[in-house]
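Engineer: I have a structure I would like to understand better, so I am pasting it below and will then ask my questions one at a time.
Every number in this text was worked out from the coordinates using simple rules, so none of it is lab data. Here the structure is a predicted model, which means the values were calculated and not measured. FYI the Cβ positions are ideal-geometry reconstructions off the backbone, even for glycines, and counts take in every protein chain you see.
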Amino acid sequence: MKKILLFALLFVCIGLSAQNLSLNELIALRKMDLDQVESFLTKKGWHYKTGESPEEGKLGKAQFVYGTGGDFDYAESFLTFYYPVYGENRIDIQIGKSQKATEYLEAVKRFAPSPINTKVENGNLIKIYAGATTTFEFTTTKSRNRFGNDLASWHLFIVENKDYETQFGYF
């Protein structure tokens with residue numbers, strides 16, 4: 001009986017640690033510099049995958065992965081930190097589990113943001129919400145893997161309102 005309880009507890013703990021960033025942590029990451037982001041994510045079990053330096057007119061980016069099982073191309077989650085030479089940073093996280101995507105969406109809605117737009121674009125469902133200073137864009141995508149299985153993934157893009165308006169034309 002003790003072994004069954006221990007196994008059940010271990011299973012629950014592993015499930016709870018899956019993709020281990022809260023919405024508040026994602027929002028805080030957007031305000032950090034690259035060194036702070038890398039340090040924070042490393043402490044949370046994320047791994048640096050690849051990146052590019054910023055240039056005038058082009059954002060730099062650093063991509064991190066979580067839940068890799070040793071294979072960085074097939075991670076549970078991917079986080080891209082975009083940073084300019086001057087200006088505001090952006091966060092884009094790809095989520096592989098619907099439960100975590102729903103958790104993020106519900107957390108955003110608790111901020112009572114204004115819904116800006118819901119649309120289908122290139123087969124993807126996109127929902128855009130704007131809070132007092134931050135825009136949240138949720139994208140649901142469907143694709144087929146190399147084995148012919150249908151897959152769903154979700155992206156959450158977090159950006160400053162003015163930056164979103166300038167780059168993507170909403171508001």
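Engineer: Mind checking the full-extension length gain between residue 147 and residue 162? Use 0.36 nm per residue of separation minus the Cα-Cα distance, one decimal, nm. The partial results should precede the final answer.
Structural biologist: On the way: separation 15, 0.36 × 15 = 5.40 nm, distance 4.18 nm.
Stretched fully, the residue 147-residue 162 segment lengthens by 1.2 nm.
Engineer: May I ask you to evaluate 6.51 cos²θ - 1.76 cosθ + 1.60, the Karplus curve with θ = phi - 60°, for each residue of segment 151-163 and list the ³J(HN,Hα) values in order in whole Hz, giving x for glycine and proline?
Structural biologist: After applying 6.51 cos²θ - 1.76 cosθ + 1.60, I find 10, 10, 9, 10, 10, 10, 10, 10, 8, 5, 3, 5, 5 Hz.
Engineer: Taking amide hydrogens as modeled 1.01 Å from N in the peptide plane, which residues meet the under 5 Å criterion relative to residue 116, leaving out close sequence neighbours?
Structural biologist: Hits under the 5 Å cutoff: 128, 129, 130.
Engineer: Report, as a whole number in µm² per second, the diffusion coefficient that Stokes-Einstein gives for segment 23-168 at 20 °C and 1.002 mPa s using the Kirkwood radius over alpha carbon pairs. Provide the component values of the computation, followed by the final result.
Structural biologist: Values: Rh = 16.0 Å.
For these conditions, the coefficient is 134 µm²/s.
Engineer: For the chain, what does the relative contact order come out to in percent, with C-alpha contacts under 8 Å and a separation of six or more?
Structural biologist: Working: 278 pairs, mean separation 26.3, N = 171.
Result for the chain is 15 percent.
Engineer: For segment 83-171, divide the Cα radius of gyration by the Kirkwood radius and give the resulting Rg/Rh value with two decimals. Mind dumping the intermediate values first?
Structural biologist: On the way: Rg = 14.1 Å, Rh = 14.0 Å.
Value, to two decimals: 1.00.
Engineer: Going Cα to Cα from residue 44, which aspartates and glutamates come in below 13 Å? Please leave out same-chain ones fewer than 8 positions away.
Structural biologist: Residue 44 reaches 25.
Engineer: Of the residues 69, 96, 148, which exhibits the maximal mean-square fluctuation in a Gaussian network model of the chain defined by a 10 Å Cα contact cut-off?
Structural biologist: Comparing 69, 96, 148 in a Gaussian network model of the chain, the most mobile one is 148.
Engineer: Show that you can apply the helix-only estimate: for the chain, add -39,500 (n - 2.57) for every DSSP H stretch of four or more residues, divide by all residues, and state [θ] at 222 nm to the nearest 500.
Structural biologist: Details: 5 runs with 55 residues, N = 171.
Helix contribution divided over all residues of the chain: -9500 deg cm²/dmol.
Engineer: Next question, about the same structure. Show the residues, 5+ positions off or on another chain, whose built amide H is closer than 5 Å to the amide H of residue 68.
Structural biologist: 76
Engineer: Also, I was wondering about something else. Within segment 97-171, list the trypsin sites (Lys or Arg not before Pro) lying in a DSSP loop whose Cβ has at most 12 other Cβ atoms in a 10 Å radius. Mind showing how you got there, number by number?
Structural biologist: Numbers: sites: 97, 100, 109, 110, 119, 127, 142, 144, 146, 162; in loops: 97, 146.
Filter output for segment 97-171: 146.
Engineer: Taking the number of other C-beta atoms within 10 Å as the exposure measure, put 56, 165 in order starting with the fewest. Each step should come with its number before you reach the end.
Structural biologist: On the way: 56 7, 165 15.
Going from sparsest to densest Cβ surroundings: 56, 165.
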